[in-house]
Every structure is written in structure tokens, then in C-alpha cells.
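Visitor: My questions all concern the structure below.
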Amino acid sequence: MSDQARDLFLGMNAIALATLLLGDVVEPEPACGGFDQVSVPVRVFGGAFDIPHIQTRCARLAAALPDGRLDILGGAGHLPSLEQPKLFTERLLTVLADLDRPNDHGAEPGP
């Protein structure tokens, strides 16, 4: 992504995060189910400065998955991969490297 595009995203995100909430947050109906059937590890990334109800949704998603984990990135809002690209990349590479290690149940990683 170009620096110009990243700056545009960051500027737009800053405006959205600085805007006061206008009314109550309405929790939507679940868009899909079957999270308990997901058989692969899932890492849910979120930003420490994101809107509270988004942080809550990230936590709920991670908790609903059999092998879901929540990873909150400090210094980031709604777009962690754009706001903290180095930190995000480091965390993502760690997640990918962990796929090559045996899991907690002693099973070996796949091919």
C-alpha cells in the first residue's frame, strides 16, 4: 500500500474515532453461526483504541471459536494493519510460525 493511501485511511479513521457516538449501539443479529464447527486456529486482531463495541465483538468472536484467540494491538484503532503495520506483521508472522508447531493436544501440524 502506498504512503498516500495509508495516510488517507489513517485520516479517515481518525475522523471516525473522534466522532461522538450518536445514540445507542444496536447489536445486530448474528450474520452466521456454526463457529463451534471451525476446526482451525483463528486469531482475531483488534486495536486497543477501537470503539468499545467493536472490541467487545472481537472478544465475543474469539470466545465463540473452539481455538480462537484475541490479539489486541496497542497504539491501533479500527485498522491495526494500517495503523501499526510493523507490529501487525510481527504478530501475524508469529501466528503463522505457530502453525508449524505441535498444538496443545500433541497433534503434529499438517503438511
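The values are calculated or read from the model by the stated rules, or taken from the named source; none is laboratory data. Bear in mind the structure is a predicted one, so any value in this text is a computation, not a measurement. All Cβ positions, even for glycine, are placed from backbone atoms using ideal geometry, and neighbour counts span all protein chains on display.
Visitor: Can you tell me which residue within region 26-54, out of those that are surrounded by fewer than 12 Cβ atoms within 10 Å (Cβ to Cβ) and of a type in the set (Val, Ile, Thr), is modelled with the highest pLDDT?
Guide: 40
Visitor: Turning to a different aspect of this structure: Would it be correct to say that residue 75 is on the phi > 0 side of the Ramachandran plot, loosely packed, with under 13 Cβ neighbours inside 10 Å and at pLDDT 80 or above?
Guide: yes
Visitor: Can you give me the number of residues within region 90-111 that are acidic (Asp, Glu) and at pLDDT below 70?
Guide: So the count comes out to 2.
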